[in-house]
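Below is one structure, written out as structure tokens; the observations come after it.
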Amino acid sequence: MAALGLLGAALVGCGTGAADTPAPKAKATVAESASPRASAAAPGPKPARVPAAPPTMAPGPGGLTPVYTRRAKGTEKVVALTFDADMTADQGPRAARGEHFDNPELIATLRRLKVDATVFMTGRWAEEYPDQARSIGGDPRFEIANHSYSHYAFASPCYGLPTVAGPDMASDVQRAFDAFRDAGAVNVVPYFRFPGGCYDDAALRALAPAGVTAVQWDVVSGDAFAKDADAVAEQVLDGVEPGSLVVMHCTRSAAPVTERAIRRIVPELRARGYRFVKVSELMSAR
């Protein structure tokens, strides 16, 4: 709770499970319909190879949306770095005045260092930066996951964020998937991260029609609004264990030192024997 509080306080501006058995579905979920994975193979004597679907978790008790936090403890030194690309539905005027909610230098550094990563993107961010969303979503090193359209809270209170009404939660998630599709992003996975990390059983129930797996974290980077890149790096380096899932940010205005922190985090973790994976790979281990 203390770690969540630290992150949540920073986010105002900007059930761990190891099972990954896909839930049986009678019809396509909104996540599947938004993703190119749902497309049927082209007909013909040699059907096109259909890529394996990213792993998801089966629904929880009562059909609740499942929540994944990290890989079950083990000996394999893998870690998933995740980056929230935050932009709320009402921040368009701030972007128009020149505030930068993107961080292309961070993405360039991840590419240069050959780091696989998952970007949890809001639909509003994808609308503001469609070229970047398409570039990130077309790079095999990255996958785009859903961080809602609006970046409004799915449970209240949540650090002062406006709240999405329960009946609108699944459609808010679908709207984000639609924004990714409209931007031309390809590598989109059926994972969702709650804005501010805030959720309750009511939110998990309301989100069930979206067919997503909610993804939280076990390591808080503390990068939101931080000014000391070394302090961010040390917090990550001190917290990472085999199978960890780290939350960071891809927003220049709200997380200005993240790129510098990554330049220290990546080589030091590699020196310790760690390999960087996307959430889909972290979740695939049985």
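Does at least one position in region 199-213 carry a residue that is over 15 Å from THR69 (Cα atoms) and of a type in the set (Ser, Thr, Tyr)?
No, region 199-213 has no match at all.
Out of all the residues in region 67-91, which are open to solvent by less than 20 Å² (accessible area, probe 1.4 Å), farther than 21 Å from ILE265 by Cβ and assigned to a loop (DSSP other than H, G, I, E, B)?
Selection gives MET87, THR88, GLN91.
Scan region 112-121 for residues that are in contact with a strand residue (DSSP E or B) (Cβ under 9 Å, 6 or more places away or on another chain) and either assigned to a strand (DSSP E or B) or more than 9 Å from PHE276 (Cβ to Cβ) (or both) and jot them down.
Initially, region 112-121 is screened for residues in contact with a strand residue (DSSP E or B) (Cβ under 9 Å, 6 or more places away or on another chain), giving 113-121.
Within region 112-121, ALA117, THR118, VAL119, PHE120, MET121 meet the criteria.
Among the residues of region 43-66, is there at least one that is outside any loop (DSSP other than H, G, I, E, B), surrounded by 14 or more Cβ atoms within 10 Å (Cβ to Cβ) and either touching a strand residue (DSSP E or B) at 6+ places or on another chain (Cβ under 6 Å) or at pLDDT 50 or above (or both)? Step through it out loud before you land on a result.
Of all residues in region 43-66, those outside any loop (DSSP other than H, G, I, E, B) come to 61-63.
Right, trim to surrounded by 14 or more Cβ atoms within 10 Å (Cβ to Cβ) and you get none.
No: zero hits.
Here is a check on your reading of the model: is ARG94 of a type in the set (D, E, K, R), surrounded by fewer than 20 Cβ atoms within 10 Å (Cβ to Cβ), part of a helix (DSSP H, G or I) and out of contact with any Gly (no Cβ under 7 Å at 6 or more places or on another chain)? I'd like the intermediate steps shown before the answer.
On the way: of a type in the set (D, E, K, R): yes; surrounded by fewer than 20 Cβ atoms within 10 Å (Cβ to Cβ): yes; part of a helix (DSSP H, G or I): yes; out of contact with any Gly (no Cβ under 7 Å at 6 or more places or on another chain): yes.
Criteria met by ARG94.
From the list ALA231, ALA170, which residue is open to solvent by 10 Å² or more (accessible area, probe 1.4 Å) and within 28 Å of LYS73 (Cβ to Cβ)?
ALA231
What strands (runs of 3 or more DSSP E), lying completely within region 177-286, carry at least 1 residues that are modelled with pLDDT under 95? So that I can check it myself, show each step before the final result.
On the way: elements: 188-192, 213-215, 244-249.
In region 177-286, no matching strands (runs of 3 or more DSSP E) lie anywhere.
The values are calculated or read from the model by the stated rules, or taken from the named source; none is laboratory data. Values in this document were obtained by computation on a predicted structure and should not be read as measured data. All Cβ positions, even for glycine, are placed from backbone atoms using ideal geometry, and neighbour counts span all protein chains on display. Please note that ligands, DNA and RNA were not included when accessible areas were found on the heavy atoms of the full protein model with its side chains. Shrake-Rupley method; radii C 1.70, N 1.55, O 1.52, S 1.80 Å.
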